[in-house]
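Worksheet for the structure shown next.
Where a number appears in this text, it was derived from the coordinates with a stated rule and is not lab data. Just so it is clear, the structure is predicted and the values come from calculations on it, not from any experiment. FYI the Cβ positions are ideal-geometry reconstructions off the backbone, even for glycines, and counts take in every protein chain you see.
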Amino acid sequence: MIFAASSFEAWHEWFGMLLLGGNGLLFYVLYRNRWQFKGWYRSASTQLKLRRPVTTGCVAAAVLLISSPIFLFWI
């Protein structure tokens with residue numbers, strides 16, 4: 001496959017940001033649903049799990065962000 005180097009370099013700068021955002025969302029969901037109950041931080045007001053639709057939306061957005069560099073590379 002032949003592609004222009006300049007177009008790859010322009011998108012290549014955004015790949016790291018997309019991956020960072022996706023991983024950040026996954027860690028947010030893990031913290032709010034699992035790790036806060038394992039002794040990381042105790043507070044009576046924040047001891048609530050995320051609701052199912054919020055968890056599903058965050059995980060779906062994270063998967064989309066993490067997989068988007070693969071699809072953007074092949075465009």
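Note the full-extension length gain between Q47 and F15 as 0.36 nm times their separation in residues minus their Cα-Cα distance, in nm to one decimal.
Full-extension gain reported as 8.1 nm.
Just grab the label-to-label distance for T56 and R34, each label 7 Å out from Cα along the Cβ direction, in nm (one decimal).
2.0 nm
Taking 0.36 nm per residue of sequence separation and subtracting the Cα-Cα distance, how much length would be gained by fully extending the chain between L64 and N23, in nm to one decimal?
Gain on extension, L64 to N23, equals 13.7 nm.
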